[in-house]
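Any read-out appearing in this document is the output of simple, stated calculations on the displayed coordinates, not a laboratory observation. Worth saying up front: this structure is predicted, and the values here are computed from it rather than measured. Neighbour counts are summed over all protein chains in view; Cβ atoms, including those assigned to glycine, are modelled from backbone coordinates with ideal geometry.
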Amino acid sequence: MKAIIAAGGSGGHITPALAIAAELRNRGVEILYVGNRAGMEETMVTRQGFAFRGIDVQKLYRSFTPRHLLFPCKLLRSILDARRIIKEFKPDFFVGTGGFVSGPVGFAAHQRHIPIFLQEQNSFAGITNRLLGKYAQRVFLGNTGAQHHFPGNAELFGNPINPTIFARTAPVNLSQYGMQPGKFRIMLVGGSQGSVVLNKAIVQILDELVAHSIELFWQIGTYSAATFLPIAKTFTGVFGFEFTHSIAEMYNASDMVIARAGALTLAEIETKKLPAILVPLPSSAENHQLYNAQEQQKKGIAVCIRQKELTPDRLLNTILAMKADIHSYKKHFLPTTPHMDAAKNIAASILTTIKENQCLDV
């Protein structure tokens, strides 16, 4: 059996695509990954040993730019390129996880009557998945909030995440980070580039956090590391860093999280059962991070603060209130989350559906 998988543009789309691809490969499916030529997905895909074909795709910018004039021509060419790849590879099905790359490939698959399966990470579905959803056999949701976009063919399966996040259960050695057992500990997740907004807010309340015996793992990121790393080093119990391979262990040693509201970050911290203060990125596509954060808040496991309402005082007061009531937040977590086995369950469901279709054709 063969499958084409397409996703690109951001790690939020690529990571679940690769997780599903790995599970399908474990079940004997030959995978061809189609992504944007010279995009970040090419490096990520080839590193994991998957065959890769690149096409030239242009995203649809949300504010006017002269590049819009090229969009129709590039879209048509990318669809034709995808049709050519499908004709050569002859896949049994197509899997898309959103992003502008999966659009032309998914549409080409529809034109050639290839069964389509989609995975949607966010509580507000992206435009590509919304457009392809009417052609899909099944849509696997990461959050229930997107259900209304796909009437009749969607089901909650969770978001496929890095298995090492939940496989690692040992905490870090706190002494190497200048921390002490028994302290209340926060993990600030800013992403690989870091969140300047979160960094600027947290740096102004470090004195108060230390005074309340609160320690901090601070993912500053690369963008503003030169500004904030030297400040972090002046505080006992505050460990600032650009990037780490020990994030799973840091989660294990933390009591709560401060983060943006990307779907995969939320899947990780929900799997780790960590209450969170979420500050959605207002420039996220169609403001989907706000919907993600609001869904977590409705579950009783997070507090959502809009970026325009974020101040150092608001952040500090929210931290102290959540610290005082942390056990109430933790009681709202389910014993397990669907994210842990999402990739396995999605792969199994796809293959079951394909086999059922083959039996019906016979």
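Here are the numbers:
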quantity: Under 5 Å, built H, 5+ apart or other chain: amide partners of Glu215; calculated: Phe184, Arg185, Ile186
quantity: Gaussian network model of the chain, Cα within-10 Å springs - most flexible of Ile205, Ile31, Ile350; calculated: Ile205
quantity: Within-14-Å neighbourhood charge of Tyr329 [Cβ basis; K, R +1; D, E -1]; calculated: +4
quantity: Distance between modelled label sites at Leu320 and Cys359, nm, 7 Å Cα→Cβ extension; calculated: 6.3 nm
quantity: Extension gain, Lys331 back to Gln193 (0.36 nm per residue minus Cα-Cα distance, nm); calculated: 46.4 nm
quantity: Long-range HN-HN contacts of Ala154 with modeled amide H, under 5 Å; calculated: Val139
quantity: 3J(HN,Hα) from dihedral phi, segment 162-176, Karplus parametrisation 6.51/-1.76/1.60, rounded to Hz, x for glycine, proline; calculated: 4, x, 5, 4, 9, 6, 8, 10, 7, x, 6, 6, 4, 4, 6
quantity: Using distinct alpha-carbon pairs, which all enter the 1/r mean, Kirkwood radius of segment 1-147 in Å; calculated: 15.1 Å
quantity: For segment 164-336, average projected area of the Cα convex hull in nm²; calculated: 9.3 nm²
quantity: Cα-projected label distance for Arg37 with Asp207, points at 7 Å along beta-carbon direction, nm; calculated: 5.7 nm
quantity: Gaussian network model of the chain, springs between alpha carbon atoms under 10 Å - residue of Gln121, Gln296, Gln111 with greatest fluctuation; calculated: Gln111
quantity: Segment Asn162-Gln147, extension gain: residue separation times 0.36 nm, minus the distance between their alpha carbons; calculated: 3.0 nm
quantity: For segment 245-289, Kirkwood radius (reciprocal of mean inverse C-alpha pair distance, Å); calculated: 11.1 Å
